[in-house]
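First the structure, in the form of structure tokens, and then the observations on it.
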Amino acid sequence: MQPKDDSEMQNLWDHMTNSSSLLKNPDVVKAPACSICHQTSNSSNFLASNKHICDVCFKSYTSKTTLRKRMHTDAADRPYICYICTEAFVKSRLLKMHLERHMGNSSHVCHMCYKQFARSNCLKRHMLTHTGERPYKCDACYRQFADRFSLVSHMRIHTGERPYKCDMCHEQFIWIASLTTHMLTHTGERPHECDVCHRQFAQRGSLTKHLLTHTGERPHKCNVCYKQFTRRDSYMTHMLVHTGERPHRCYVCDRQFTRRAGLMRHMLTHTGERPHLCNVCHKQFSQRGNLMAHILKHTGERPHQCSVCHRQFTERGHLKKHMLTHTGERPHECNLCHKQFTEHRSLTKHLLTHTGEKPHECNVCHRRFTERGHLKKHMLTHTGERPHKCDLCPSRFTQRSCLTRHMLRHTGEKPHMCNVCHRQFTHRSGLTTHMLTHSGEKPHKCNLCYKQFTQRRSLMRHMLTHTGERSHKLSSEIE
């Protein structure tokens, strides 16, 4: 798009602002609204105890200018709207600069990649992506950032501050972008539509990622293993696998994570916070993704379908894992014994068998476990609690998975099918064991006589023949 000249740009601007009346008339400035509680006030009493304090929420600021700016940042108080993309702005000059990006008037050009910017400060921030410079450092976890705004936002993770609050459900957020996205869950609005399949999205970024599923494009390539990715953030996370870097550190227990999302989820284990509430059964969740998956249990919807066997799943992650059963791919390999796994978490659990580490301890009997989930199940043996009840018979279970398996007895359903002989099984473990009859694989090996077995329990029985607790003949009969 060719840049427009100054006169054409001014005519467009005058037309949009009704002959610049919005810019020149001071009466359009609305009463300031508090960014925390969203109330308005016409009072001019901003100064108290030598500080500038909001007379609505009593939050203090170092200067009157800062206070007035903050009073105008409420999402509902953005009167200047772009006629092209409907993005709203607090100030007219911000809208004017935004329009220049649409019009192609980008006077600031990067001399390395020739990308254009409407403002010099945007160009300066962009240049840091070439130099790798991160001049802003967090004093708590020593993480570094390219710009001050990112540092300020990051500090809220340490302070727990969530300044942006939803007026409808009162959920609070660290970033205003998170609040804006959250509001769409109340309105149900999905303004961004795919031109190919007409699927709609709440965020433009989600639409952009979705379009790559139609083109098959994977523009981000790892220069170590040549794996390609559709998204830059996935590529950046993947690179940490090669470097071993875990840049996100918990300031409570010093545990480190490769992704920010992992740290954010982990922090909830310290606070015990479950901010996501199901409006049907009122069950609470620490993660939004878990809530969305839970809601599908109420609706019965299974939106993710396997293109091979047409089996449907509630979560995309479950579908991705299922697809590995068709391809036989095991992308995660142990670098000690070279055993391969379909899931990264399976590899993580396996590595504990080499180290012998059991990080999760019961505070009653001090028994230790390799996984947190195993500890949670164990705790039920102390409390005697069986929280999962069958709706058809009086049976109760300590684990939800046991209830799910039990329900198959009532329905007679056998959802797991062998793709070789089409035999069906009630449980996935039954199918997994059955598949070994086709492959001839015997993955469980005795480390004394090197005899191999298809099932772990067969190996455990066999081991008793070495201890003398059970005869070798009986063990052979079992096999």
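Things worth noting here:
- Comparison of Thr208, Thr215 shows that the only residue that is within 25 Å of Pro331 (Cβ to Cβ) and modelled with pLDDT of 80 or more is Thr215.
- Residue in region 427-444 that is out of contact with any Ser or Thr (no Cβ under 7 Å at 6 or more places or on another chain), modelled with pLDDT under 85, of a type in the set (S, T, N, Q) and not in a helix (DSSP H, G or I) present: no
- The residue list His338, His282, His294 contains one member that is within 17 Å of the chain's Cα centre (by Cα) and of a type outside the set (D, E, K, R), which is His294.
- The listed residue being exposed (fewer than 15 other Cβ atoms within 10 Å of the Cβ), aliphatic (A, V, I, L, M) and either within 16 Å of the chain's Cα centre (by Cα) or within 30 Å of Gln144 (Cβ to Cβ) (or both), out of Leu277, Leu268: Leu268
- Residue check for Arg231: surrounded by 14 or more Cβ atoms within 10 Å (Cβ to Cβ), within 24 Å of Pro359 (Cβ to Cβ) and modelled with pLDDT under 80: no
- Count of residues meeting criterion [in a helix (DSSP H, G or I) and more than 17 Å from the chain's Cα centre (by Cα)] in region 210-227: 5
- Of the helices (runs of 4 or more DSSP H) lying entirely inside region 76-192, those carrying at least 3 residues that are charged (D, E, K, R) are 92-103.
- Only a single criterion out of (1) in a helix (DSSP H, G or I); (2) within 26 Å of His294 (Cα to Cα); (3) modelled with pLDDT of 80 or more is not satisfied by Ala261, namely (3).
- Some residue of region 146-154 being free of Cβ contacts under 8 Å to residues at least 40 places away in the same chain, out of contact with any helix residue (DSSP H, G or I) (no Cβ under 7 Å at 6 or more places or on another chain) and under 26 Å from Gly272 (Cβ atoms): yes
- For His332, the stated conditions hold: it is in contact with a Phe, Trp or Tyr (Cβ under 6 Å, 6 or more places away or on another chain), over 30 Å from Glu171 (Cβ atoms), without any contact (Cβ under 8 Å) to a residue 40 or more places away in the chain and not aliphatic (A, V, I, L, M).
- Looking only at region 316-366, and only at residues there that are surrounded by 11 or more Cβ atoms within 10 Å (Cβ to Cβ) and of a type in the set (S, T, N, Q), the one that is modelled with the highest pLDDT: Gln340
- Pick from region 194-209, criterion within 22 Å of the chain's Cα centre (by Cα) and either farther than 19 Å from Met236 by Cα or β-branched (Val, Ile, Thr) (or both), ranking: surrounded by the fewest Cβ atoms within 10 Å (Cβ to Cβ): Arg204
The values are calculated or read from the model by the stated rules, or taken from the named source; none is laboratory data. All values reported here derive from a predicted model rather than from experimental measurement. Cβ atoms come from the backbone with ideal geometry, glycine included; neighbour counts cover every protein chain shown.
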